[in-house]
1. Give the long-range amide H neighbours of Ser202: residues separated by 5 or more places, or on another chain, with amide H under 5 Å away, using H modelled in the peptide plane at 1.01 Å from N.
2. Enter the angle in degrees (range 0 to 90, nearest 10) between the Cα long axis of helix 8-20 and the first principal axis of the Cα atoms of the chain, meaning the one along which they spread out most.
3. How much area per residue is accessible in the chain when the probe is 1.4 Å and only protein heavy atoms are counted (Å²)?
4. Computed over the Cα atoms of the range 129-188, what is the ratio Rg over Rh, Rh following Kirkwood?
5. With the alpha-carbon atoms as the only input, what is the per residue convex hull volume for the chain in Å³?
6. In square nanometres and to one decimal, what's the mean projected area of the convex hull around the Cα atoms of the range 103-212?
7. For the chain, what % of the accessible area comes from carbon and sulfur atoms, probe 1.4 Å?
8. What do you get for the angle between helix 36-48 and the principal long axis of the chain? Use alpha-carbon atoms, 0 to 90 degrees, nearest ten.
Amino acid sequence: MSWPALPARERDIVELVRSTGHVAIDTLAQRFSVTPQTIRRSVNQLCELGLLRRVHGGVDVPGGHGNLPYQRRQVLNLAAKQRIASAVAAFIPDGASVSIGLGTTPEQVALALRGHQGLKVLTNSVNVINALAGAPLASLAIAGGTLRRSDLDIVGSAAVAFFSAFKTDYAVFGVGGIDRDGSLLDFHPDEVAARQAMAANSRCTVLVADASKFGRNAVARGGRLGDMDHLFTEHALPGDYAEALGCGDTTVHLAATEGTR
């Protein structure tokens, strides 16, 4: 089932609730400078879509602090993800070898790469395979193993073994969240293992993360922001993340107005 694009306020409500857990209606009203009645209407629409769940006095995310279902995540911050994807596609040359990870932003990168010639693509995501179907690639390979039906991807030891058998020019991947200390976070250790195998077996790591990922909670940790070769995002990093980059050589690309750190 496809989901309609969300207006900016509704998208921000979902991201706020997703990052903080239970939020009271009155708190949301104050946060967005509208009446509680207006917030209730927005919340009711988001609950009908299954993006939020009404609980006593407020709302939370269905299923607690886990990730949202894939199809629902596809509509969140879509314009930002598309700008990030376009910037990554401009960065990666024709003929390169690229591993592309799971998630909705890497899926958008795959869509943006459809016009490239002669790419050799490795992935653990069926969504990436579908995005690149019919593109003029040199090769397209997917990890074998047990499919996670929720996200249509393969993680854990099967993905680790797959990515470890190659050495790609670029590894493009997202994360569930980025902590203020620079830790890269995901929702399951198997996701972390697959991502780290991609990074370890590439010549250039490319982290794609829209602004909602900064400060977002997820329970599994692996890797650090300052260890990435390149970070593509759509806004300047929050001030308290500058230290998280450390003294490394991470280049920050701003998808809206291209720039570097």
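The values are calculated or read from the model by the stated rules, or taken from the named source; none is laboratory data. Given the structure is predicted, the values throughout are model-derived calculations rather than measurements. Don't worry about glycine lacking a Cβ; one is built from the backbone with ideal geometry, like all the others, and counts go over all protein chains shown. The protein model used for the area step is the full one, side chains on, heavy atoms only, and it has no ligands, DNA or RNA in it. Shrake-Rupley method; radii C 1.70, N 1.55, O 1.52, S 1.80 Å.
1. Excluding prolines and chain starts, which carry no amide H, the hits are Thr168.
2. So the helix axis and the longest Cα principal axis differ by about 80 degrees.
3. Here the per-residue accessible area is 44 Å².
4. Reported Rg/Rh, Kirkwood definition of Rh: 1.00.
5. Numbers: hull volume 32.0 nm³, N = 261.
Looking at the chain, the number lands at 123 Å³ per residue.
6. Numbers: hull surface 27.5 nm².
Dividing the Cα hull surface by four gives the mean projection, 6.9 nm².
7. Values: 5870 of 11390 Å².
Here carbon and sulfur together make up 52 percent of the probe-accessible area.
8. 50
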